[in-house]
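Reading through the structure tokens given below for one structure.
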Amino acid sequence: MSNPTKPTDIGPNRTGIGTSPLHSKEAIKSAEEGVPNPSFDTSAHHASAVSWARSVSPIGTMPPPASMKGAAKSMVQAIKGKHATAFIDLLGERLAFERTGVRLYEALLCRFDAADLGEGSPTRAQLEHIRNEELQHFDLLNKAIQKLGADPTTVTPSADVTGVAGMGLLGVLSDARATFTEGLKAILIAELADNDAWNSLAHIAKQLGQDDMAADFRQALEEEHEHLASVRAWLDNAVQAQIGFEPQAVAPAPEQPQPGV
């Protein structure tokens, strides 16, 4: 049974300054005395940040091709004036994000099992279906990277960045105190980013003449559209229920498992 105390219940929240008018006046007075002439000029900090950005090395670099086949493909792309390493970096980024996506839905399932959900909520099978498709997308990208002769285990620069960005979402969903609704809010952020990234990746693959990859990526994008629509509907119903409104009819993700899963 879920915890009877809900985040929207009145509780011992003392984070606001208004909870203690006397002490808040003292805090404001001390701040004014400590910095009697505050400056909002951030030019020095900005100049320092720009200087560091221009002098330090990038977050990472791309490794050499893992095979002669990869070297040949990279060379062909270079002759055409394209940057194969930039495309592989994007594939690595999406690979890292899909791996995180699987973990996000695994954590959401924990929030689901601990929750007391009402009408308009997903079923466990529907959440598992989306998680399984995220795993299939990971496998798709793994094979695409290998096809280009690159190493899918490499953490590319963009993969590193997206991994750090995803840590915040994982932190929310892994917190035992987080509710299912709060988990859906974190998942929505991931799904919004995922849809845009798949759209861009499919477009670039098409431009590079990787027609088979582009078709596969478009299929993944269609599935991600379904994920996003479902999460939006579930989250909207959850928020509506908290306010006290009746849930709306939704068209959730299908429950049947994909072949081979």
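The values are calculated or read from the model by the stated rules, or taken from the named source; none is laboratory data. All figures in this text were calculated on a predicted structure; none of them were measured in a lab. Glycine gets a Cβ as well: all are built from the backbone with ideal geometry, and neighbour counts include every protein chain shown.
Structural remarks
- Of all residues in the range 10-55, those satisfying the criterion of being surrounded by fewer than 10 Cβ atoms within 10 Å (Cβ to Cβ), over 30 Å from residue 242 (Cα atoms) and among the charged types (D, E, K, R) are 33, 41, 54.
- The range 115-132 - residue that is among the aliphatic types (A, V, I, L, M) and in a loop (DSSP other than H, G, I, E, B) and, of those, modelled with the highest pLDDT: 115
- Output for the range 1-41, where each listed residue is small (Gly, Ala, Ser), free of Cβ contacts under 8 Å to residues at least 60 places away in the same chain and under 29 Å from residue 176 (Cβ atoms): 11, 16
- Residue in the range 85-93 that is in contact (Cβ under 8 Å) with a residue 60 or more places away in the chain and within 17 Å of residue 228 (Cα to Cα) present: no
- Taken over the range 139-181, the criterion of being among the charged types (D, E, K, R) and free of Cβ contacts under 8 Å to residues at least 40 places away in the same chain is satisfied by 139, 143, 175, 177.
- Restricting the range 1-55 to residues that are under 30 Å from residue 112 (Cβ atoms) and of a type in the set (D, E, K, R) leaves a set whose member that is farthest from the chain's Cα centre (by Cα) is 9.
- Residue 173 passes every criterion in (1) outside any helix (DSSP H, G or I); (2) more than 26 Å from residue 87 (Cα to Cα) apart from (1).
- Checklist (1) among the β-branched types (Val, Ile, Thr); (2) part of a helix (DSSP H, G or I); (3) surrounded by fewer than 22 Cβ atoms within 10 Å (Cβ to Cβ); (4) touching a residue at least 60 places away in the same chain (Cβ under 8 Å) applied to residue 187, failing item: (3)
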